[in-house]
Amino acid sequence: MRAIVSVSDKTGIAELGRALSERGVEIFSTGGTLSALHTAAVPAQGISELTGFPEILEGRVKTLHPAVHGGILHRRNRPADVAEIGAHGIEPIDLVVVNLYPFRETIAQPNLQLHDALEQIDIGGPTLLRAAAKNFPHVLVIVDPRDYPRVLAAIDSLAIDEQLRRELAAKAFAHTAAYDSAIAAYLSPEQLPATLPLSFEKVQDLRYGENPHQPAAFYRDQASNKGTIAGARQVQGKELSFNNLLDADAALHILQSFDAPTVTILKHTNPCGLASHHDLVAAHAAARSGDPVSAFGGIVGINRPVDGRLATAMQRYFYEVIVAPAFDDEARAIFAAKPNLRLLELDIDGPGGQAWDYRRVSGGLLVQAADEVAADDPGSWRVVSEHQPTAEQLEALWFAWRACAAVKSNAIVLVQDQTLVGMGAGQPSRVDSVQIAVRKAGDRAAGSVLASDAFFPKPDGVEAAAAAGVGALVQPGGSQADDEVIATANRLGLALMFTGRRHFRH
C-alpha cells in the first residue's frame, strides 16, 4: 500500500505516519508535512522521489504530475487502466491524506494584503482530494484528522467497506467545495454575485426541529463566529433545541443594539421584557415587569457578565436559556442547582450579526443586507407635530425604537424610561398591535412613549395610543395618511417624530 500525506492541519499526523509505517505503508509527502514526519522519525519520501521531478516555483507545483494522478485515478478493476499505468512505470496510490492551506484563517487576519491571500489558495491539494474521491471505490481519502483511527481500524480488518470509502469521499468533496466557496466569496467584487458561494459546517445534530417530527441540525457559517450565536460556549444545561437557538440568536441581536447594561427576556423570538439600568438586578426586575406571565420559560439575554448577586435574583424563576458574556464562579454555583437550565457564554461585543440575511423560500433563497438598528441616528429624526418631545421622552423614544426593531411586524412597543412595558407583535392590523401593547402595559401605558416599526396607515392607532395616555410617538412616516396622522397627534396633544427609516421584521 502506498500513500500521499500532505496536510496543513498537522493534528495527529506523526501518530498516523507511525501507524501507517508499522503497517508497511510506503509514504510520500511534501514540504512541512515531510519535515514533521521526519522529525517524528517516520520513514517518508519526498514527492519528487515519486514524480522524478523537483518541486518548483517555491512549492507551487509539486504533486501535479501523471505519476501521482495516474497512480490515484486508474481503475483497478479495468485491465486496460492497469496495463496503461504499468506501461508508463506508474505504481498505484491507495491512500491520500490531505487537508488544505488555511485560506479562511488567513483572510480573517486584519490588514491582509491580496498577495498573501493568493498564496493560501491551494491548487495541488484540491486536485489530489478530488482525484482520490472520484476514485473512492479503489482509493481511500482522508481530510479530517478525526477519521484517522477508524481508517486505521479498517485497514487492520482487511475489509474496507464501500460505505466508509463513500463517506470519506463525500467529506473530501465537501471540504474542497467549502474551500472554493470561501475563495469565491473573498475575490468577488459584487455584493450580490451571480452565483452565491455559501459554506456551512455542522455543529451538532438537534433532537428535532421546531416540532418533534422534524429532523434538524445546527450548521455554522465558516466565514465568521465571533459575535454570533455559532460562537457561543454552552457551560451548563441540557442540549440546546432548535427553538432555543432561534431565541438565543434573537436575544443576541437585541443586546448588540444597546450599550448600557441591559436585560431582555424573549418568547418566540419577540422581547416580552427589555430594560436598561446601571444595576443589572434592577434591569432584570424591570424586564420581568414588562410581561411577567410571558416571561415564564423565556430566554434571557444579558449584555454584561453575570455575578452571584444577579444569579441569586434570577434563580427563583423558570428560564430555558440565559445568554451572557460570562458567568462568574458564584453564579455558576447558584445556577448548578438548575441542571436543565442552559447557560451560554458568547462575545456580545463581537462584529455583531452578519453582513447578509438569508431567508429560505421554496426553490430559492432571498438575500438582503442585514438590518442593523444600532446604525440609526436619532439626531436625524424630525419632529412633525406641534408639540415637542421632552428630553426624557426623546431618550425613551430611542430605547423604544431599538426595541421595536426586534419585534415581529406589525410591531408596536410602549416604553417607560428605559423599560419595555407593553408590546404588540405580528398582527395583520397595526391598530390591533397598539391595542395589544396597551392592554399588556395596563396602567403603565399612561405617560409612556410608543414606537411603531412602520408608518401608521390611518389615525386610529394614534387615537388608541392617546386614549391610553401615551405622550409621544416615533414612526418612520411615509404614509399617504401622514397629514391626517399628524393632525390627529396635534389635536390630541401628542409629540410625533418621523425617522424616515423603517425596521420591518417579517
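The values are calculated or read from the model by the stated rules, or taken from the named source; none is laboratory data. What you see is a predicted model; the values in this text were computed from it and never measured. Cβ sites come from the backbone with ideal geometry, for glycine too, and all protein chains shown count toward neighbours.
Okay, residues lined up against (1) assigned to a strand (DSSP E or B); (2) within 30 Å of Asp116 (Cα to Cα); (3) hydrophobic (A, V, I, L, M, F, W, C):
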position	(1), (2), (3)
Gly24	no, no, no
Phe28	yes, yes, yes
His38	no, yes, no
Glu49	no, yes, no
Glu58	no, yes, no
His69	no, yes, no
Ile72	no, no, yes
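Here's a check for you: in segment 180-231, which residue that is under 16 Å from the mean Cα position of the chain (by Cα) and among the acidic types (Asp, Glu) is nearest to Ala370 (Cα to Cα)?
Asp221
Name the strands (runs of 3 or more DSSP E) wholly within segment 228-306 that hold at least 2 residues that are closer than 25 Å to Asp453 by Cα and modelled with pLDDT of 95 or more?
In segment 228-306, 262-267, 270-276, 298-302 are the strands (runs of 3 or more DSSP E) which contain 2 or more residues that are closer than 25 Å to Asp453 by Cα and modelled with pLDDT of 95 or more.
Hey, any hits in segment 481-491 for a residue that's of a type outside the set (D, E, K, R), crowded, with 20+ Cβ neighbours inside 10 Å and under 16 Å from Gly422 (Cα atoms)?
no
Filter segment 12-52 for residues that are under 23 Å from Pro149 (Cβ atoms), surrounded by 18 or more Cβ atoms within 10 Å (Cβ to Cβ) and touching a helix residue (DSSP H, G or I) at 6+ places or on another chain (Cβ under 7 Å) and give the result.
Those that are under 23 Å from Pro149 (Cβ atoms), surrounded by 18 or more Cβ atoms within 10 Å (Cβ to Cβ) and touching a helix residue (DSSP H, G or I) at 6+ places or on another chain (Cβ under 7 Å): Ile13, Leu16, Gly17, Ala19, Ile27, Phe28, Ser29, Thr33, Ala36, Leu37, Val42, Ala44.
Can you pull out the residues in segment 288-310 that are buried (at least 24 other Cβ atoms within 10 Å of the Cβ) and in contact with a Phe, Trp or Tyr (Cβ under 9 Å, 6 or more places away or on another chain)?
The answer is Gly298, Ile299, Val300, Asn303, Val306.
In segment 477-506, what count of residues is obtained for those that are hydroxyl-bearing (Ser, Thr, Tyr) and closer than 14 Å to Ser452 by Cα?
Total satisfying the criteria: 2.
Is there a residue in segment 313-326 that is of a type outside the set (Gly, Ala, Ser) and without any contact (Cβ under 8 Å) to a residue 12 or more places away in the chain?
Within segment 313-326 (the criterion being of a type outside the set (Gly, Ala, Ser) and without any contact (Cβ under 8 Å) to a residue 12 or more places away in the chain), the answer is yes, since at least one residue qualifies.
Working carefully through the options Leu64, Leu37, find the one that is over 27 Å from Tyr186 (Cα atoms) and either out of contact with any strand residue (DSSP E or B) (no Cβ under 8 Å at 6 or more places or on another chain) or assigned by TED's automatic domain parsing to the domain that holds Pro149 (or both).
Just one listed residue meets the conditions, Leu37.
Going by the structure shown, is Ile56 surrounded by 19 or more Cβ atoms within 10 Å (Cβ to Cβ) and more than 35 Å from the chain's Cα centre (by Cα)?
So Ile56 does not fit the description; no.
Kindly provide the set of residues from segment 408-432 that are among the hydroxyl-bearing types (Ser, Thr, Tyr) and at pLDDT 95 or above, ordered by number.
Once the filter is applied, which keeps residues that are among the hydroxyl-bearing types (Ser, Thr, Tyr) and at pLDDT 95 or above, segment 408-432 yields only Thr419.
Starting from segment 485-506, take each residue that is on the phi > 0 side of the Ramachandran plot and list its partners that are aliphatic (A, V, I, L, M) and surrounded by fewer than 22 Cβ atoms within 10 Å (Cβ to Cβ), counting only C-beta distances under 8 angstrom and pairs at least six apart or across chains.
Gly493/Ala466
Provide a single number: the residues in segment 379-393 that are in contact (Cβ under 8 Å) with a residue 24 or more places away in the chain and not in a loop (DSSP other than H, G, I, E, B).
Counting residues in segment 379-393 that are in contact (Cβ under 8 Å) with a residue 24 or more places away in the chain and not in a loop (DSSP other than H, G, I, E, B) gives 6.
Residue by residue, here is whether (1) closer than 16 Å to Cys272 by Cβ; (2) of a type in the set (D, E, K, R); (3) surrounded by 24 or more Cβ atoms within 10 Å (Cβ to Cβ); (4) touching a Gly at 6+ places or on another chain (Cβ under 8 Å) holds:
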{"position": "Glu392", "(1), (2), (3), (4)": "no, yes, no, no"}
{"position": "Ala403", "(1), (2), (3), (4)": "yes, no, yes, no"}
{"position": "Ser409", "(1), (2), (3), (4)": "no, no, no, yes"}
{"position": "Thr419", "(1), (2), (3), (4)": "yes, no, yes, yes"}
{"position": "Gln435", "(1), (2), (3), (4)": "no, no, no, yes"}
{"position": "Ala441", "(1), (2), (3), (4)": "yes, no, yes, yes"}
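With (1) small (Gly, Ala, Ser); (2) out of contact with any strand residue (DSSP E or B) (no Cβ under 6 Å at 6 or more places or on another chain); (3) farther than 21 Å from Arg220 by Cβ; (4) free of Cβ contacts under 8 Å to residues at least 40 places away in the same chain as the list, and Ala331 as the residue in question, which single condition is left unmet?
(2)
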